[in-house]
Amino acid sequence: MNKLIPQEDRIARLIKFGAPKLFIENIGKIPELEFRIEDVEGAYYYLPTISNYEVLKGFNVIPIYDEGESFYVVIYNAKTTKIIHFELENDEIYHDYNQNWCLLLMDIMIQYYEDVIDDGIEVINFINVAKKIDFHKAEKLFNLLDIPIEEYNIKYNEKEKWRVEIAKELEIL
């Protein structure tokens with residue numbers, strides 16, 4: 001890792017790289033996403049200890065948010081800028097969003113749906129959570145996810161393929 005951007009510069013830098021301001025300002029403040037979208041204090045504690053990770057080598061790093069021991073960060077250098085997700089104990093990228101903030105927000109909303117599916121959720125509640133992260137395609141996403149359980153389970157077996165189909169349907173990819 002070349003440089004970890006200081007916490008006091010984090011919001012301005014993320015916005016400069018295209019992050020929705022409302023999303024960035026609400027990180028750690030959305031009760032419905034309490035354990036999914038956590039403040040970045042953990043990142044600022046742990047990232048210096050893993051600065052030798054290959055996924056960070058040669059990049060400046062701006063933490064976006066923590067999800068337990070997973071981190072979502074913007075990494076950049078003179079040639080490349082991208083949003084990535086990786087875990088503290090694994091030096092590998094789990095998700096590479098390139099510079100697609102909408103794709104990241106879509107994934108957050110899919111995770112939220114999966115978290116609450118057993119309790120049931122109304123589309124209006126789903127939309128209200130999406131507004132807090134500035135995701136504008138919530139109603140259409142909800143309709144793509146709110147399918148009969150048998151169909152959902154079949155699609156879930158090939159989750160990554162289904163995720164790409166959803167992103168294309170939402171015109172995010």
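The values are calculated or read from the model by the stated rules, or taken from the named source; none is laboratory data. All figures in this text were calculated on a predicted structure; none of them were measured in a lab. Using ideal geometry, Cβ is built from the backbone for each residue, glycine included, and neighbour counts are taken over all protein chains shown. Heads up: the accessible areas ignore ligands, DNA and RNA and are worked out on the full protein's heavy atoms, side chains in. Shrake-Rupley method; radii C 1.70, N 1.55, O 1.52, S 1.80 Å.
Please go through segment 140-173 and pick out each residue that is open to solvent by less than 100 Å² (accessible area, probe 1.4 Å) and of a type in the set (A, V, I, L, M, F, W, C). Listed by number, the residues that qualify are L141, F142, L144, L145, I147, I149, W162, V164, I166, A167, L170, I172. Inside segment 80-116, can you point out the residues that are open to solvent by less than 60 Å² (accessible area, probe 1.4 Å), polar (S, T, N, Q) and not in a helix (DSSP H, G or I)? Result: T80, T81, N90, N100. Within segment 15-59, the set of residues being aliphatic (A, V, I, L, M) and farther than 26 Å from K79 by Cβ comprises L22, I27, I30, L33, I37. Looking only at residues of segment 37-64 that are under 18 Å from the mean Cα position of the chain (by Cα) and in a helix (DSSP H, G or I), we find that the one that is surrounded by the most Cβ atoms within 10 Å (Cβ to Cβ) is A43.
For (1) in contact with a Leu (Cβ under 9 Å, 6 or more places away or on another chain); (2) aliphatic (A, V, I, L, M); (3) without any contact (Cβ under 8 Å) to a residue 40 or more places away in the chain, each residue gets a yes or a no:
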site: I50; (1), (2), (3): yes, yes, no
site: I75; (1), (2), (3): yes, yes, yes
site: I83; (1), (2), (3): yes, yes, yes
site: E89; (1), (2), (3): no, no, yes
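Taking segment 50-96, which residues are basic (K, R) and closer than 22 Å to I37 by Cβ? Once the filter is applied, which keeps residues that are basic (K, R) and closer than 22 Å to I37 by Cβ, segment 50-96 yields only K82. For G28, are the conditions met, namely being in a helix (DSSP H, G or I), among the small types (G, A, S) and either in contact with an Asp or Glu (Cβ under 9 Å, 6 or more places away or on another chain) or open to solvent by 40 Å² or more (accessible area, probe 1.4 Å) (or both)? No: the conditions fail for G28.
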